[in-house]
Structure formats: C-alpha cells, structure tokens
Amino acid sequence: MKLFSSRADRRRGIAAAVGVAVLAVGLYVVVSRYAGFITDARALRTWLDQFGVFAPIVFIGIQALQVIVAPIPGQVVALVAGYLFGPVAGTVYSLTGVLIGSAVAFSLSKRYGRSFVEKVIHEDVIERFDGFVDTVGIPGLFAFVIIPGLPDDAICFLSGLTKWSLPTFIAVIAVGRLPAYVLTVYAGGELASGRFISAMALVAVVVVASAVGYYKQEAVRDLVERVEPRLPF
C-alpha cells in the first residue's frame, strides 16, 4: 500500500499529526482541570443546561471528541447521555457523536496515511492489530466492534488504512456499537429515574463484557481471524 504519493503529502501528514498532538494536549489540560464535572453526571447536567437548546450539540461534540482524542471512555459518556437526555434521545445523541468521531478518525487516516496513524495510536496497539481490519473483512470488523472493551477507537484509525469506503465503515460501526450503547444509555436513564437496582444491573453487564473484551483482546482477535474466512458472505 502506497502511503504518500509525494513529499507534499508527507509534509501535510506531519502537519496534521502535529495539529492533532496540539489538540490532544489542549484537551488534556481542559479535561484535567474540569474532570470533576465531566465525570459527574449531575454537575455535567448543570453545565450543559447553560447551553439551552444547544446542549445536545455540545454533548454530541464531547462524544465525538472522545473517539478522536479518547480522554474519556465512551461508555461513561453514554451513561451520562441516558442520565441527561433519557434513553431514546440519549442513544441518538451518543451514537451520533460516536459516528461523527469515527468518521473523522477514519478520514484523517485515509487522507494522511500510516505515518499519521503511528503518531496518534500507541505502538503496542498498532503492533497487535496492524492489518487486522484489512484481513478480517466487514463481518470480522462487525464481530470485533460489537464487543465492548476492545480498542474500537484505535480500529477506526486503522480502518482508514484499508480500501474500505467511509459509508461502509460507518454502517458497520453504527450497527456494531449500537447494542452496548443502548444498554449503557438506558442504564443512565434508569439512574435519573431513581431505579438504581436495574441501572446497576445493566451497568454490571456492560462492565463485565468490557472487562472480558479488554483482557481477552488477543483471543478475540485470533478467534475472529479464524472464523471470518469460513463465513458464507
């Protein structure tokens, strides 16, 4: 795969990487200073209320940024979405933000190539999953992203290095990420309604699934790579 067709493309890739790094540092400073209210659903609701009708747009922006820069786990933001906006609107806003962030990550990688990806993703993740999305195909990617706890944000960047189109990639991400986000957002809605037992039960399901996905990343990867070629589609 040819990464850059000219020196100008290389320079633009380096410039983009520097820009993302500056953005990441700036966002890290903001998150570090205001982490108390970002991770506190009630405080975040109070903060968002000041934006009035624009609160959903602000929230969607936060959810999109967590995909690109990833200072906050996406499931935490989804839980807050359910608490703030209810299960239906919260799911719509949260998934919209995730899809926007995923599309940006994919498009940046598609445009600036491997050297850009190597600057924004930890080398350990690249070593373990480099070439994964290019070999497993669409069904394999779907099986991978549907399990919470896996490095799906990093996969968004790595997917940009394949020949896939953006619409195909977004369709897989939308369907694959929906189940975990629906559960998490609904749990946030239950918390807002005072139904703590059902909320904690839903959160426990997502947490356990995420823990299994996180600690069994290589096993899931290997299983998907073995099963995908045998699929009839």
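The values are calculated or read from the model by the stated rules, or taken from the named source; none is laboratory data. Please read these numbers as outputs of a predicted model, since none were measured by experiment. Every residue, glycine as well, gets a Cβ built from its backbone with ideal geometry; the counts of neighbours run over all protein chains shown. Keep in mind that these areas ignore ligands, DNA and RNA; they rest on the heavy atoms of the full protein, side chains included. Shrake-Rupley method; radii C 1.70, N 1.55, O 1.52, S 1.80 Å.
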* Per residue, what accessible area does the stretch 107-154 have, given a 1.4 Å probe and all protein chains present, in Å²? -> 44
* Structure fact -> Packing-ranked peptide list from 74-86, 52-64, highest mean Cβ count within 10 angstrom first, is 74-86, 52-64
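Quote to one decimal, in nm, the extra length available between Tyr215 and Ile126 on full extension: 0.36 nm per residue of separation minus the C-alpha distance between them.
Details: separation 89, 0.36 × 89 = 32.04 nm, distance 1.67 nm.
Result: 30.4 nm gained on full extension.
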* Structure fact -> In whole percent, the fraction of accessible protein surface over the stretch 108-233 that belongs to carbon or sulfur atoms, probe radius 1.4 Å, stands at 65
* To do: Could you look at the stretch 60-104 and say what percent of its accessible area is carbon and sulfur, using a 1.4 Å probe and all protein chains?
  => 80
* To do: Please sort 105-111, 193-199, 175-181 by packing, taking for each peptide the average over its residues of neighbouring beta carbons within 10 angstrom, highest first.
  => 105-111, 175-181, 193-199
* To do: Any chance you could check the Cα centroid distance between the stretch 138-178 and the stretch 94-108 for me, in angstrom?
  => 11
* Debye-sum result for the stretch 137-233 in log10 I(q)/I(0), which assumes one identical scatterer on each alpha carbon, at q = 0.17 Å⁻¹ -> -0.81
